[in-house]
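Heads up: the structure comes next, in structure tokens.
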Amino acid sequence: MQPVLSVRNLRKVYRGKKPFVAVDGISFDLAPKEILGLLGPNGAGKTTTIQMLLSTLTYTEGSIFYFGKELNKHRSEILGQIAFASTYVSLPWKLTIAQNLNVFGRLYGLSGKVIQERVDPLLKRFGIYEKKHAAASELSAGQLTRLMLVKAFMVKPRVILLDEPTASLDPDVAHEVCQFILEVRETENVSILFTSHKMEEVAEVCDRVLFLQKGKIVADDVPDKLAKSVSKHRLQLILSDGLKRTASLAEKMGFTQRMENRWIEIQLNETDIAPFLTALAQANVVYSSIQILEPTLEDYFLKMVGKQG
């Protein structure tokens, strides 16, 4: 199946006395209905990449193809089939929500009737319908974020670039947005490029993740595999008795540990959890609380950023 987006050897160099390579030869595909995460620390090249994908920034080398057509040669046709939402892009402050969305919809060739039919359900879904006739300047940061999402999804694009789509949102609203993204992927057959600093959301929403570092893609895999590549499971115990025995046993079995008061955390592989708990029982160790924490995408992110530092 043909990718909806193909990027090949994309490079951006800012010229000057000391040239700066912002994006350094990246290549990737976005499949139909795929949600692809684009992660990396600040300065890794995420924003530059998105700007090039939107054709708001020229690239130095490489190629970008949407739906099998080169962006540079079919710019107008392609841009009519993709949308973008970002917390960091402003809208005309004096226009109301309805006016902003009407202007944007018209740019995509939508009639007034179609705009209203599509906009009202989205405004209700994101909880800002009652603000429909309020000026953009009157909206809170969270309401503006939701408005940007309505703006992107109302045109029913084939590809959406979402830059920090849940920034400024309360946890319950952010969760609703993530659920909506997953639903739309299925109902509208849309493909999504997703950036966020909230690793738990990326793990929940994304099928695959690219990790950018110093302008290069250093990892490309599913979130779970990335997490497990740098971190083990963490077994946390609150002990009624036997702290020293537990620590000694963990050390003997080669597990990393850290302790505080009656609490101990042990890092080990998933397959080692049952044998270790059996060994604790045989050593008559008594614990009042046990928690098993799986490695997370945040563990991976912090490890990679630490390596860069």
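Here are the numbers for the structure shown:
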quantity: Net charge dipole size for the chain [Lys, Arg +1 and Asp, Glu -1 on Cβ; Debye, nearest 20]; calculated: 1220 debye
quantity: Full-extension gain in nm, LEU277 to SER137, via 0.36 nm per residue minus C-alpha separation; calculated: 44.6 nm
quantity: Separation in nanometres of the label points that stand 7 Å from Cα toward Cβ, at GLU183 and GLN291; calculated: 3.2 nm
quantity: Shape parameters for the stretch 270-309, alpha-carbon atoms, Rg then Dmax in Å; calculated: 15.5, 44
quantity: 21 Å Cα-Cα reach of LYS12 towards lysines, excluding residues that sit fewer than 8 places from it in its own chain; calculated: LYS46, LYS69, LYS73, LYS214, LYS216
quantity: Vicinal HN-Hα couplings computed from phi for the stretch 63-79 (Karplus, 6.51 cos²θ - 1.76 cosθ + 1.60; Hz; Gly/Pro x); calculated: 8, 10, 10, 10, 6, x, 10, 6, 4, 5, 9, 10, 4, 4, 4, 5, 5
quantity: For the stretch 82-222, alpha-carbon Rg relative to the globular expectation (2.2 N^0.38 Å, N residues); calculated: 1.06
quantity: Total charge dipole magnitude, the stretch 1-123, about the Cα centre, Cβ charges on Lys, Arg, Asp, Glu only, Debye to nearest 20; calculated: 440 debye
quantity: Integer Hz, Karplus 6.51/-1.76/1.60 couplings in order for the stretch 132-137, x for Gly and Pro; calculated: 3, 9, 8, 5, 4, 5
quantity: Trypsin sites (Lys or Arg not before Pro), loop per DSSP, at most 16 other Cβ atoms within 10 Å - longest free stretch of the chain; calculated: 133-213
quantity: From the coordinates shown, Cα Rg over 2.2 N^0.38 Å corresponds to which of (1) 1.05; (2) 1.23; (3) 0.95; calculated: (2)
quantity: The chain: relative contact order as a whole-number percent, Cα under 8 Å and 6+ apart; calculated: 20 percent
quantity: Table column - 3J(HN,Hα) (Hz), the stretch 13-23, Karplus curve with 6.51, -1.76, 1.60, x for Gly and Pro; calculated: 10, 8, 6, x, 4, 10, x, 10, 8, 7, 10
quantity: Student exercise, the stretch 201-261 dipole from Lys, Arg, Asp, Glu Cβ charges, in Debye to nearest 20; calculated: 360 debye
quantity: Extent along principal axes [Cα atoms of the stretch 1-75; Å; largest to smallest]; calculated: 44, 29, 18
quantity: Volume per residue of the C-alpha convex hull in the stretch 1-156, rounded to whole Å³; calculated: 144 Å³
quantity: Percent RCO, i.e. relative contact order, over the stretch 232-295, from Cα pairs under 8 Å lying at least 6 residues apart; calculated: 55 percent
quantity: Alpha-carbon radius of gyration plus Dmax, which is the widest Cα pair, for the stretch 232-295 in Å; calculated: 10.3, 28
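We did not get these values from a lab; they are worked out from the coordinates using the rules stated. What you see is a predicted model, and the numbers here were worked out from it, not measured in a lab. All Cβ positions, glycine included, derive from the backbone under ideal geometry; neighbour counts span all protein chains shown.
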